[in-house]
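The values are calculated or read from the model by the stated rules, or taken from the named source; none is laboratory data. Not measured: the values here are computed from a predicted model. Please note: Cβ atoms are built from the backbone with ideal geometry, for glycine as well, and neighbour counts cover all protein chains shown.
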Amino acid sequence: MIKKFYITTPLYYVNASPHIGHSYTNIAADTLARSMRKSLGKDNVWFLTGTDEHGQKIQRAAEAIKLTPLEFSDGMVGKFKELWKSLNISYDDFIRTTEPRHVQTVQRVLEILYKKGDIYEDRYEGWYCTPCETFWIESQLIEGACPDCKRKVEKISETNYFFRLSKYQSWLMEHIRQNRNFIRPDSRCEEVSRFLELNALNDLCISRPIERLNWGIPLPFSPNHVTYVWFDALINYISAVGSFDESGRYQSKWWPADLHLIGKDILRQHAVYWPIMLRALDIALPKCVFAHGWWMINEDKMSKSNGNVVNPLEMVEKFGIDVYRYFLLRDVPFGLDGNFSEAAIIKRFNSDLANDLGNLVYRTLTMVEKYFQGQIPDVKIGVDNDQIKAIVESIGNLDKCVAKSLDEPNFSAALECIWKLIGLANKYVEETKPWNLAKENKIDELKQFIRVLVEVISAVDEALMPFMPQTATLIKEQVGDHEIKKGSPLFPRIETRPKS
């Protein structure tokens, strides 16, 4: 049986333009998808992303600029797709929660759970946060405000439908205990486990009355209610890749998902609500939910309300697609918070990309031009000194080192594997002093020296493809099989003015 790999990002909420956080998740997912296509073949990998378009925030945002919610969503979807194109994101499917395939699946899920008795009608009285679209009980409020966003809440009393989360709490706790890789990294697994140990789950309100909110998927058994946006949105992971048969069994060639990539702020929805929904539907659970950290600005969370959101398109225009991708993947171990600044990008650019990678490629090709008229020496590498031996071993172990790191996933560690080889090659140049080999007419040694460097560049190029596809393509174009086509330096240094 051929292995498959199904990876998802969250559905991004279209109430505001995409920011670095959105791009971080999609760049990470894209890197993993490209890597898996190399090992499994492109037909055995499915990469899903998309947009979440229902709910009160969208309805109010559309009303504010005199558009229908769908017109507003259409415009925002265009911005997300533009960004993914600019960042070279190779998704296989883009799902919108307003699409018929999703609406039909959500309503089928509601029907199945209602008939099973896992959805019931009840009266709700309590506090509601519109920005978070979440109900809270009095004891959960902090100084009378929403515990998540710290904004004002509204007192609401209404009849709604509820999903029996509480029925499955013991089962979920046991599943997490038995499957420690289900929630990653370990710190997030501990966070969810601790939450479940200390709190009795309340049943989840999964509807909103149509007189208060009409922008949503109607409940098939109650036309006066629409579906709660979070219950609706999570179902995209199955609505995109499969369907239910007449008996209510879910069928898909891709499910279960191998990896749900999310930000840590939506961990509870993915690690508590979603697995319980799947259990109630008798559908297998995803193999792993991985919650990464946030990008901060001066130690503050990046958010529209803080006024510190950075536009990814501006960063791409300023530094280039692959520089932006490289920085996000390299600067912080995946799962931890990072601090974003242009100074940090420039530091990485000059050190890793200009000095290390760019310099290795440019001076190697310059030497091929100078000493061999652009022809790559066709010689067998003989492991006749410790340096060459270390380089050959590093080339041989490179794929395994990168793959092991991506299994975690730890993009920073994977890139360190590649840069370790680049470092060995640059050290080899400095210590071999090829210009002396040329002066002393040691042509055979010079040929082997050049061949070693070309083999390093080829291995680095192949390993870099999932992380920096544009750069890898440029290197491949310059380093042919037999003859080079040297271009401009890949990463000219960015000169910075010293602080006065």
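Can you pull out every residue in region 466-500 that is within 25 Å of Leu406 (Cα to Cα) and either assigned to a helix (DSSP H, G or I) or in contact with a Ser or Thr (Cβ under 8 Å, 6 or more places away or on another chain) (or both)? Break it down stepwise before answering.
Filtering region 466-500 for residues within 25 Å of Leu406 (Cα to Cα) gives 466-476.
Within region 466-500, Pro466, Phe467, Pro469, Gln470, Thr471, Ala472, Thr473, Leu474, Ile475, Lys476 qualify.
For Ala343, indicate whether it is under 23 Å from Arg493 (Cα atoms), at pLDDT below 95 and part of a helix (DSSP H, G or I).
Details: under 23 Å from Arg493 (Cα atoms): yes; at pLDDT below 95: yes; part of a helix (DSSP H, G or I): yes.
In short, yes.
What are the residue pairs meeting all of these: first residue in region 169-181, first residue surrounded by 15 or more Cβ atoms within 10 Å (Cβ to Cβ), second residue not in a helix (DSSP H, G or I), Cβ atoms under 8 Å, and 6 or more apart or on different chains?
Partner pairs satisfying both residue conditions: Gln169/Ala200; Gln169/Leu201; His175/Phe182; His175/Leu285; Ile176/Phe182; Ile176/Ile183.
Could you go through region 154-168 and let me know if any residue there is touching a helix residue (DSSP H, G or I) at 6+ places or on another chain (Cβ under 6 Å) and free of Cβ contacts under 8 Å to residues at least 12 places away in the same chain.
No: region 154-168 contains no residue that is touching a helix residue (DSSP H, G or I) at 6+ places or on another chain (Cβ under 6 Å) and free of Cβ contacts under 8 Å to residues at least 12 places away in the same chain.
Tyr12 fails exactly one of the following numbered conditions: (1) touching a strand residue (DSSP E or B) at 6+ places or on another chain (Cβ under 9 Å); (2) assigned to a helix (DSSP H, G or I); (3) touching a residue at least 40 places away in the same chain (Cβ under 8 Å). What is the number of that condition?
(2)
Looking at region 104-142 only, could you name the residues that are surrounded by 15 or more Cβ atoms within 10 Å (Cβ to Cβ) and among the acidic types (Asp, Glu)?
Of everything in region 104-142, those that are surrounded by 15 or more Cβ atoms within 10 Å (Cβ to Cβ) and among the acidic types (Asp, Glu) turn out to be Glu111, Asp118, Glu133.
When you scan region 104-122, do you find a residue that is hydrophobic (A, V, I, L, M, F, W, C), farther than 30 Å from Glu158 by Cα and touching a strand residue (DSSP E or B) at 6+ places or on another chain (Cβ under 9 Å), even just one?
No: zero hits.
If you check Lys287 against the conditions, is it assigned to a loop (DSSP other than H, G, I, E, B), over 20 Å from Ala472 (Cα atoms) and at pLDDT 95 or above?
yes
Please verify whether Phe467 is touching a residue at least 24 places away in the same chain (Cβ under 8 Å), within 26 Å of Val332 (Cα to Cα) and touching a strand residue (DSSP E or B) at 6+ places or on another chain (Cβ under 9 Å), treating the condition exactly as stated.
Details: touching a residue at least 24 places away in the same chain (Cβ under 8 Å): yes; within 26 Å of Val332 (Cα to Cα): yes; touching a strand residue (DSSP E or B) at 6+ places or on another chain (Cβ under 9 Å): no.
No; evaluated as a whole, the condition is false for this residue.
Looking at region 42-56, which of its residues are touching a Lys or Arg at 6+ places or on another chain (Cβ under 8 Å), buried (at least 23 other Cβ atoms within 10 Å of the Cβ) and within 17 Å of Val14 (Cβ to Cβ)?
The answer is Gly50, Thr51, Glu53.
Residues Val310, Val316, Val323: which one is of a type in the set (A, V, I, L, M), in contact with a strand residue (DSSP E or B) (Cβ under 9 Å, 6 or more places away or on another chain) and either part of a strand (DSSP E or B) or within 21 Å of Asn88 (Cα to Cα) (or both)?
Val310
Can you pull out every residue in region 226-257 that is outside any helix (DSSP H, G or I), among the β-branched types (Val, Ile, Thr) and under 15 Å from Val103 (Cβ atoms)?
Val226, Thr227, Ile235
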